[in-house]
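One structure below.
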Amino acid sequence: MALLHSIPASQALGILANHATLTMTILILTIMLLAALLTIAYISLKSKAKANKSMREEGKSRLDFFLKLAHEFRTPLTIIIGLSENIENGKAATNEDIIKAAQVIKRNGRLMQELTNQLLELSKINSNYNEVVWRRGDVVACTQMIVDSFMPLAAQRGISLQYSPAQKEACIAFVPDYHNKIFNNLIFNSLKYTNEGGRVDVSTSLEAEDFIIIVADTGIGISEARLPHIFNEFYTSNDNTTNVNTGIGLAMVKHIIDQLGGNIDVKSTVGKGTTFTISIPLREDDKHFPAYDIENKALEKADEEDLFIDDEQEDNSRTRILIVEDNTDVIAYLSSLLRTEYAIIYAKDGIDGLRKAKEQVPDLIVSDLMMPGMDGFQLCQTIRSTPLLAHIPFIIITAKVSEDDRILGLKAGADAYLAKPFNPDVLMVRISQLIAQRQQLRDRFTQAITNNESQSMKEQLSEMDRGFLNRIGDIVRQQMGSGSIDVESVAAKLCISSKQLRRKLYAITGETTVAFIMQIRLAEAYKQLIGQPQLTVSEIAIKCGFEDGGYFTKAFKQQYKITPTQLRKSTSQEGN
């Protein structure tokens, strides 16, 4: 300050101004530095958070992938272990049974081997480890042979499969191994997710610079939310429009197309179908590659044997079990366990299972969980919400073994939830117990009717079953006055067939439809004999649909061990 006093005022002011400017500059630079550091810290934290989220999502995707992969292995393992135990325990007694079991074991062993090979191939494609073997040949003839190999499978499933090449012959450079993998995966997927009566159309064409492949189907389609992710081998979805598998096949196709420098596009509409369009650039140096002799190459056939089993069997003396399963080998294995004791009905998926459940009204349902169209959870929920079917015991068999999945199954209404590979003795015991429980309920119902306690017995039934029986009672009482009550008219009022009505009533009450209608009429007569003393016995008989008084008295005594007149006298004496 002393220095400032010794210099002119104008000069002092200049020094102070410069000092203030310098201080402000330093302050601004400090603020800017702090802002920059904070920005860097924020970006760093945000990047770390994003990276952590990405790692968590990737970890979850990988976990989901391996869970799906475990499911793919569990199904053939269930069959292999189960049939091996049958052979070991002597349940496959004849040479024919042993040979059939061995064939199924071999086929499922090959299925596991193929899945393992696909995983190895995918790993090789991802790492560019495998050597790409180019050949020059007629790609149309090669494609035709692949399509032909799927014709038996398409015929078994009732699907029209056609190949329509734009050129009758197209000699170009291609990778035979990749070519087979592309078509095998796309055609098999289309057949798997196309219902009976649908179409799968394959076409190829040579354009100016590309080889074009189109595989289109009229199947169940892929939802818009799932569509962008279907080529990710680690992607799984809760979308129930399809039976989402491990995704190895489509992931392999995508990696192959990428390695060939091509492009794959997919368009799909749920309920209408899916179209895959692939373009692969043509190579200009194709004449330098070795020739591919298609006639001497044995292309692998599509190996999916179906079981031609008569599932419309009419055997009312045996307990009926409906097996809902999309794997024919699992069906064969379950059949080998159950067919000696039970009449078996088969369904290929949840939609087919629901249809056959309504037609046949089985005594018990055994269902796989993961199926196309309608999975086991959805089927079970639908069964439980359908009055005709709500009483049926339901067992879910699945490779999904987490507690959450088990809880979901039980919440859906399943009576038992068994994990693959399951112990066949456990399955047989659970089936036996559930059927025995239904029989005990029927026996109690019969006893309650004999003791004129049917109303109290009804209270022990589920609300759905109680409502069904009450509805029958209402219909019968409405028709009693006309004197014309028959099974067909009651069933028609319920919008079901007489066969469905018979199966449902027997499952709940143990009675035939005619006997149950008779019980309703007699119960109504019993109530009126006590509550309508002004009416004669003959008048009450007519009101309850009995034109023959003698027949009414005989039926009433057989039911209640007392005649209508005796009941009137006993109640009259009690009143006095």
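The values are calculated or read from the model by the stated rules, or taken from the named source; none is laboratory data. Everything numeric here is computed off the predicted structure, so don't read it as measured data. Counting neighbours? That spans all protein chains shown, and the Cβs are built from the backbone with ideal geometry, glycine included. Please note that ligands, DNA and RNA were not included when accessible areas were found on the heavy atoms of the full protein model with its side chains. Shrake-Rupley method; radii C 1.70, N 1.55, O 1.52, S 1.80 Å.
When each of the peptides 352-361, 550-559 is scored by the mean number of other C-beta atoms lying within 10 Å of its residues, the order from highest to lowest reads 352-361, 550-559.
Once the Cα gyration tensor of segment 482-553 is found, what semi-axes does its equivalent ellipsoid get, as square roots of 5 times the eigenvalues, in whole Å, sorted largest first?
26, 13, 10
For the pair VAL270 and LYS527, label points projected 7 Å from Cα toward Cβ lie 4.6 nm apart.
Trypsin sites (Lys or Arg not before Pro), restricted to segment 150-221: which are DSSP loop and have at most 15 other Cβ atoms within 10 Å? All intermediate terms of the calculation are to be shown ahead of the outcome.
On the way: sites: ARG157, LYS168, LYS181, LYS192, ARG199; in loops: ARG157, LYS168.
In loop regions of segment 150-221 (DSSP not H, G, I, E or B), the sparsely surrounded trypsin sites (Lys or Arg not before Pro) are LYS168.
By a 1.4 Å probe calculation restricted to protein chains, MET480 has an accessible surface near 10 Å², given to the nearest 10.
Figure legend: label point modelled 7 angstrom from the Cα of ASP486 along Cα→Cβ; residues of segment 540-563 with amide N under 20 Å from it are 544-548.
For the set LYS411/LYS499; LYS192/LYS356; LYS100/LYS411; LYS267/LYS358, the pairs lying more than 28 angstrom apart at their alpha carbons are LYS411/LYS499; LYS100/LYS411; LYS267/LYS358.
In this label model, CYS495 and GLN437 are separated by 2.9 nm, measuring between points 7 Å along each Cα→Cβ vector. Farthest towards the positive end of the charge dipole of segment 467-537, among the residues ALA523, ASN470, ILE496, is the Cα of ILE496, using unit charges on the Cβ of Lys, Arg, Asp and Glu.
Rolled with a 1.4 Å probe across the full set of protein chains, the surface gives HIS179 an accessible area near 10 Å². Within segment 466-574, the GluC sites (Glu not before Pro) that combine a DSSP coil assignment with at most 15 other C-beta atoms in a 10 angstrom radius are GLU547. What a 1.4 Å probe finds exposed on segment 455-563 is 52% carbon and sulfur by accessible area, rounded to a whole percent.
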